[in-house]
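S.K.: Before I ask anything, here is the structure I am working with.
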Amino acid sequence: RRALAVGMSSSCPLSVTAGPRTTKLSSPLAYSTSRFQSTAAVEQEEKTVEQGEKPFVSTPDRKYEFFSNVELTPEGVAVIRFDCPKKVNSISFAMAEEARKLWNEEIVDNSQVKAVVFSSAKPNMFIAGADIPDIQKVENKQDFIPLIEKGINFFQSLREKGVPLVCAIDGPCLGGGLEWTMWCDYRV
């Protein structure tokens with residue numbers, strides 16, 4: 001059996017180890033498609049975009065910054081699509097807050113909702129994991145405890161709705177994205 005490990009260091013931003021061989025890549029952006037990029041790889045690419053970024057303004061066509069508008073099928077299936085403004089979907093602190101807001105406003109008290117499907121509006125990309133820049137900003141690691149508790153409370157509120165929860169996974173599903181899927185009843 002061969003193990004695969006991916007690591008980063010200051011001398012080589014990204015290295016891939018498969019068994020006894022290590023391949024060093026000059027840049028995390030060596031894989032240019034979002035299918036293979038982590039949030040850390042995309043961070044470097046998007047730094048220039050973030051500096052000139054305008055704040056999100058909700059409109060009827062786009063209520064949420066990190067999600068497409070919720071669709072409700074005639075059968076009562078609410079379709080919630082991750083659609084972060086970055087190249088990949090990642091779970092940032094802002095995205096987590098917006099997920100709570102979306103759930104409370106659109107799903108909790110909506111008696112028409114009989115099931116919920118989580119998917120991605122980005123082809124070949126479910127969730128690449130946590131937003132690494134957010135995590136790096138937290139200086140005192142004890143500050144993660146209430147954040148984790150809020151996350152668990154959110155996922156428990158999903159379950160309390162009492163409807164089937166489905167994750168339609170297409171592409172990478174890592175870290176917090178994998179945890180999101182594990183709180184659901186079905187993964188396809």
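The values are calculated or read from the model by the stated rules, or taken from the named source; none is laboratory data. Model, not experiment: these values are computed from the prediction. Note: ideal-geometry Cβ built from the backbone for every residue, glycine included; neighbour counts use all protein chains shown. Areas reflect the complete protein model, heavy atoms only, side chains present, ligands, DNA and RNA absent. Shrake-Rupley method; radii C 1.70, N 1.55, O 1.52, S 1.80 Å.
S.K.: Residue check: is Ile91 farther than 30 Å from Gly162 by Cβ and of a type in the set (A, V, I, L, M, F, W, C)?
M.R.: Against the criterion (farther than 30 Å from Gly162 by Cβ and of a type in the set (A, V, I, L, M, F, W, C)), Ile91 does not qualify.
S.K.: Another question, then. Which one is modelled with the lowest pLDDT among residues in segment 175-186 that are assigned to a helix (DSSP H, G or I) and not acidic (Asp, Glu)?
M.R.: Gly176
S.K.: If a residue must be open to solvent by less than 70 Å² (accessible area, probe 1.4 Å) and not in a strand (DSSP E or B), how many such residues does segment 151-174 contain?
M.R.: Qualifying residue count for the region: 14.
S.K.: Taking the conditions exactly as written (of a type in the set (D, E, K, R) and in a loop (DSSP other than H, G, I, E, B)), does Lys86 satisfy them or not?
M.R.: So Lys86 fits the description; yes.
S.K.: Checking the structure you have, find out if any residue of segment 108-127 is more than 19 Å from Ser68 (Cβ to Cβ), within 19 Å of the chain's Cα centre (by Cα) and touching a residue at least 40 places away in the same chain (Cβ under 8 Å).
M.R.: No, the conditions are met nowhere in segment 108-127.
S.K.: Within segment 108-145, which residues are of a type in the set (Asp, Glu) and assigned to a loop (DSSP other than H, G, I, E, B)?
M.R.: Asp109, Asp131, Glu139
S.K.: Given the conditions (1) open to solvent by 60 Å² or more (accessible area, probe 1.4 Å); (2) touching a Ser or Thr at 6+ places or on another chain (Cβ under 8 Å); (3) assigned to a helix (DSSP H, G or I); (4) not polar (S, T, N, Q), and given that Ile148 satisfies all but one, which numbered condition is not satisfied?
M.R.: Tallying (1) open to solvent by 60 Å² or more (accessible area, probe 1.4 Å); (2) touching a Ser or Thr at 6+ places or on another chain (Cβ under 8 Å); (3) assigned to a helix (DSSP H, G or I); (4) not polar (S, T, N, Q), Ile148 fails exactly one: (2).
S.K.: While we're here: Which residues, taken from segment 114-145, are open to solvent by 30 Å² or more (accessible area, probe 1.4 Å) and either of a type in the set (D, E, K, R) or at positive phi (or both)?
M.R.: Hits for segment 114-145 are Lys114, Lys122, Asn124, Lys137, Glu139, Lys141, Asp143.
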